[in-house]
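Beneath this line is the structure, given in structure tokens, with notes to follow.
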Amino acid sequence: MRIIISPAKKMNIETDLLAWNNLPQFLPETEKLVDYLKTLNYEELKTIWKCNDTIASLNYDRVQNMNLRKNLTPAIVSYEGLQYQYMAPQVMEDAELQYIEEHLRILSGFYGILRPFDGIIPYRLEMQSRLLHFETDTLYQFWNHKLFDALMKETDCIFNLASKEYSKCITAYNKGRCRMVTCIFGEMSDGKVKEKGTFAKMARGEMVRFLANRQAEDVETAKEFTGLGYKFRKELSDEETYIFVKE
């Protein structure tokens, strides 16, 4: 089993907390993206990033000084989003850290696929970004089936905790080739399950932590999750979708 999650926009450099193990497996592709980004001016980059001037200025400076092999931070502590805060890798036991290194994969528009202890640098490039003056119009086209193929070399079962924007680069190529279970964390409203982004991100992080604590080797273990008041609803779920409803 491999668990897939999305990255986070906000990132940091943390070289003292945990050590990184390896360089990302798709580093040549990332180097190609770095070379491309460096050809763009400030306004072009801001258009791709769709952000304000404060964020654009920070990331423009990052692009100009990018070194993919220096001052690296393990991916699992580089991202600062809610999902990662609730996963709390900083306080995981060694066995849990070993578990996520083996089972957890982070999808990235910039790096492709990351293992938790791959060494990375801060960047801004979302998977759904529209590219300017590049060989492809989108990162979906750039990565094509490479990310799915990489996962298929590792497992025949994918537990999907990623957002639709990121899981799309896997689901588009699966077509029944391996079992893929998607988690939905929602609340009942007018007889329907509605997912709220903030709570879903928190629950995804809690789920990763739960699976690591249980040393889970199959997706069935996820059904026992009760974090943040969520409970598995068998009558709403099927073999491809596990639905958890907040009580």
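The values are calculated or read from the model by the stated rules, or taken from the named source; none is laboratory data. Quick caveat: nothing in here was measured; it's all calculated off a predicted structure. Cβ atoms come from the backbone with ideal geometry, glycine included; neighbour counts cover every protein chain shown.
Could you figure out which of (1) under 13 Å from the mean Cα position of the chain (by Cα); (2) within 30 Å of residue 54 (Cβ to Cβ); (3) surrounded by 20 or more Cβ atoms within 10 Å (Cβ to Cβ) isn't true of residue 121?
(1)
Do you know which residues across the range 169-186 are part of a helix (DSSP H, G or I) and in contact (Cβ under 8 Å) with a residue 40 or more places away in the chain?
169, 170
Only one of (1) more than 30 Å from residue 97 (Cβ to Cβ); (2) surrounded by 13 or more Cβ atoms within 10 Å (Cβ to Cβ); (3) not hydrophobic (A, V, I, L, M, F, W, C) fails for residue 35. Which number is that?
(2)
Evaluate the range 183-197: report whether one residue or more is within 26 Å of residue 99 (Cα to Cα), within 20 Å of the chain's Cα centre (by Cα) and of a type outside the set (A, V, I, L, M, F, W, C).
No.
Could you run through the range 194-224 and say how many residues are without any contact (Cβ under 8 Å) to a residue 60 or more places away in the chain, touching a Leu at 6+ places or on another chain (Cβ under 8 Å) and surrounded by fewer than 21 Cβ atoms within 10 Å (Cβ to Cβ)?
Within the range 194-224, residues that are without any contact (Cβ under 8 Å) to a residue 60 or more places away in the chain, touching a Leu at 6+ places or on another chain (Cβ under 8 Å) and surrounded by fewer than 21 Cβ atoms within 10 Å (Cβ to Cβ) number 2.
Would you check if residue 56 is surrounded by 13 or more Cβ atoms within 10 Å (Cβ to Cβ), of a type in the set (Gly, Ala, Ser), in contact with a Lys or Arg (Cβ under 8 Å, 6 or more places away or on another chain) and under 15 Å from residue 117 (Cβ atoms)?
In short, no.
Output the number of the condition that residue 43 fails; it satisfies all remaining conditions of (1) without any contact (Cβ under 8 Å) to a residue 12 or more places away in the chain; (2) in contact with a His (Cβ under 8 Å, 6 or more places away or on another chain).
Answer for residue 43: the failing condition is (2).
Is it true that residue 217 is among the acidic types (Asp, Glu) and over 28 Å from residue 94 (Cβ atoms)?
No; evaluated as a whole, the condition is false for this residue.
Contact list please: Cβ distance under 6 Å, first residue in the range 225-247 and touching a residue at least 24 places away in the same chain (Cβ under 8 Å), second residue part of a loop (DSSP other than H, G, I, E, B), pairs at least six apart or on different chains.
Here the result reads 243/233; 243/237; 245/233, each pair linking the range 225-247 to a residue that is part of a loop (DSSP other than H, G, I, E, B).
With the condition kept exactly as written, say whether any residue in the range 103-114 is modelled with pLDDT of 95 or more, assigned to a helix (DSSP H, G or I) and surrounded by fewer than 18 Cβ atoms within 10 Å (Cβ to Cβ).
No, the range 103-114 contains no residue that is modelled with pLDDT of 95 or more, assigned to a helix (DSSP H, G or I) and surrounded by fewer than 18 Cβ atoms within 10 Å (Cβ to Cβ).
Can you pull out every residue in the range 51-69 that is part of a loop (DSSP other than H, G, I, E, B) and without any contact (Cβ under 8 Å) to a residue 24 or more places away in the chain?
52, 65
In the range 8-44, which residues are more than 16 Å from residue 113 (Cα to Cα), charged (D, E, K, R) and at pLDDT below 95?
Once the filter is applied, which keeps residues that are more than 16 Å from residue 113 (Cα to Cα), charged (D, E, K, R) and at pLDDT below 95, the range 8-44 yields 10, 14, 16.
If the Cβ limit is 7 Å and pairs must be 6+ apart or interchain, which residue in the range 124-143 that is of a type in the set (Gly, Ala, Ser) pairs with which residue that is in a loop (DSSP other than H, G, I, E, B)?
129/109
Check residue 32 against each of (1) more than 25 Å from residue 159 (Cβ to Cβ); (2) of a type in the set (Lys, Arg); (3) in a loop (DSSP other than H, G, I, E, B) and name the one condition it does not meet.
Result: residue 32 passes all but (3).
Which one of these is touching a strand residue (DSSP E or B) at 6+ places or on another chain (Cβ under 9 Å) and not basic (Lys, Arg): 66, 87?
87
Any chance the range 128-138 includes a residue that's under 25 Å from residue 178 (Cα atoms) and not in a helix (DSSP H, G or I)?
Taking every residue of the range 128-138 in turn, at least one turns out to be under 25 Å from residue 178 (Cα atoms) and not in a helix (DSSP H, G or I).
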